[in-house]
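Visitor: Provided herewith is a single structure, encoded as structure tokens, for subsequent inquiry.
What follows draws every value from the coordinates through simple rules; no lab data is involved. Remember, it's a predicted structure, so these values are computed and weren't measured experimentally. Backbone-built Cβ (ideal geometry, glycine too); neighbour counts: all protein chains shown.
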Amino acid sequence: MAVIIDESCITCDACLQNCPVNAIVDDMSNPTGESRYYVHQEKCIECVGVFENPQCAAICPSIGCITWDMPFTKEFEEHFLNEEVYKPESPSFREKKYRKDISLSMRGIKKEVQEEPKCG
């Protein structure tokens, strides 16, 4: 997976409508049982080969709600088997595309995909 929708999600439906691979489900279908939208890590492709940037973050009105996650690859399998954050899925079976221009230091829970524009 590439992105996470955090607890500041206002369930506006914008990201769900704009995901080109239908990786996002609404709060009623969140497999963790939380009242926020959820990105299925095994489906998310970070819009690689489709758009320049992840469309969920580009359309989200809640700046900082959508954050980068680690690539959904075997290297980070243990990360994705964390049942508190994810519905357990293993990247060992099918790794997903990810944006290689985003360094690992920019990835991880709470690393913003979209930043608030700087005024000045």
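Visitor: Out of the residues in the range 13-42 that are within 20 Å of residue 80 (Cβ to Cβ) and polar (S, T, N, Q), which is surrounded by the fewest Cβ atoms within 10 Å (Cβ to Cβ)?
Guide: Restricting to residues being within 20 Å of residue 80 (Cβ to Cβ) and polar (S, T, N, Q), the top hit is 22.
Visitor: OK, next. Return the residues of the range 1-10 that are in contact with a helix residue (DSSP H, G or I) (Cβ under 9 Å, 6 or more places away or on another chain), within 23 Å of residue 104 (Cα to Cα) and assigned to a loop (DSSP other than H, G, I, E, B); say none if nothing qualifies.
Guide: Of everything in the range 1-10, just one residue is in contact with a helix residue (DSSP H, G or I) (Cβ under 9 Å, 6 or more places away or on another chain), within 23 Å of residue 104 (Cα to Cα) and assigned to a loop (DSSP other than H, G, I, E, B), namely 1.
Visitor: How many of the residues in the range 48-85 are more than 18 Å from residue 13 (Cα to Cα) and either among the hydrophobic types (A, V, I, L, M, F, W, C) or in contact with a Leu (Cβ under 9 Å, 6 or more places away or on another chain) (or both)?
Guide: 11
Visitor: Scan the range 43-57 for residues that are under 12 Å from the mean Cα position of the chain (by Cα), among the aliphatic types (A, V, I, L, M) and surrounded by fewer than 23 Cβ atoms within 10 Å (Cβ to Cβ) and report the count.
Guide: Here the count works out to 1.
Visitor: Restricting to the range 25-52, what's the tally of residues that are under 23 Å from residue 101 (Cα atoms) and either free of Cβ contacts under 8 Å to residues at least 12 places away in the same chain or in contact with a Cys (Cβ under 6 Å, 6 or more places away or on another chain) (or both)?
Guide: Qualifying residue count for the region: 1.
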